[in-house]
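Structure, as structure tokens:
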Amino acid sequence: MKALLTILLLVTSNVFMTFAWYGHLKLQEMKISDSWPLILVILFSWGLAFFEYCAQVPANRIGFLGNGGPFSLIQLKVIQEVISLTVFTVVVMCLFKGEALQWNHFVAFGLLILSVFFVFLK
């Protein structure tokens, strides 16, 4: 159960992270924030990043082996990276229609999945 909760919190965290890092670009594209000063864009992103941390910190605490969770620190990091790129890809494909996946992106994703396999080998 801790593994599932950790992964769900990591997904939630990465949704907020992706919107904090790239959502302002979509707002600018939609002419919502194109006149905002940079400091306001930064504060907007920080506001979203707060919710990222509200999910990321508990995910790491719950999931970490040292706290009774199922994952080592390295396993947590690799899982987080794969989730991060997966969430990023879904958001980009849904919100930024000009971006296209190419063969090398699929190869890179495949290698990331292999990294998860290798990090869990005993």
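Here are some notes:
- Whether the chain is rounded, prolate or oblate, judged on the alpha carbon gyration tensor where a/c under 1.5 counts as rounded: oblate
- Within a straight-line Cα-Cα reach of under 22 Å, Lys26 can be paired with the following lysines, leaving aside sequence neighbours fewer than 8 residues apart in one chain: Lys97.
- Euclidean distance of C-alpha centroids, segment 1-37 and segment 43-115, integer Å: 11
- Given R0 = 35 Å, the distance between the Cβ atoms of Ser45 and Ala3 translates into a calculated FRET efficiency of 0.70.
- Per residue, the chain exposes an accessible area of 66 Å² to a 1.4 Å probe, with every protein chain left in place.
- Looking at segment 1-57, the trypsin sites (Lys or Arg not before Pro) that sit in a DSSP loop and have at most 11 other Cβ atoms within 10 Å of their own Cβ are Lys31.
- Potential extension, Val11-Cys54 segment - 0.36 nm per residue separation minus Cα distance: 14.3 nm
- Stretching the chain fully between Leu38 and Ala108 yields a gain of 21.9 nm (0.36 nm per residue, less the alpha carbon separation).
- Ligands, DNA and RNA left out, the 1.4 Å accessible surface of the chain is 75% carbon and sulfur atoms.
- Extension gain for Thr86 to Ile74 (0.36 nm times residue separation, less C-alpha to C-alpha distance): 2.5 nm.
- Point-charge dipole on Cβ atoms (K/R +1, D/E -1) for the chain, about Cα centre, debye to 20: 300
- Of the trypsin sites (Lys or Arg not before Pro) found in segment 52-107, those in coil by DSSP whose Cβ has at most 16 other Cβ atoms within 10 Å are Lys97.
- Using C-alpha pairs below 8 Å separated by at least 6 residues, the relative contact order for segment 36-104 is 11 percent.
- Of the GluC sites (Glu not before Pro) found in segment 42-122, those in coil by DSSP whose Cβ has at most 14 other Cβ atoms within 10 Å are Glu99.
- Counting only residues at least eight positions apart within a chain, or on another chain, the lysines with an alpha carbon under 30 Å from that of Lys2 are Lys77, Lys122.
The values are calculated or read from the model by the stated rules, or taken from the named source; none is laboratory data. Note that the structure is a prediction, hence the values are computed from the model and not measured. Every residue, glycine among them, receives a Cβ derived from its backbone with ideal geometry; neighbour counts consider all protein chains shown. Accessible surface is based on the protein model in full, side chains and every heavy atom, while ligands, DNA and RNA are left aside. Shrake-Rupley method; radii C 1.70, N 1.55, O 1.52, S 1.80 Å.
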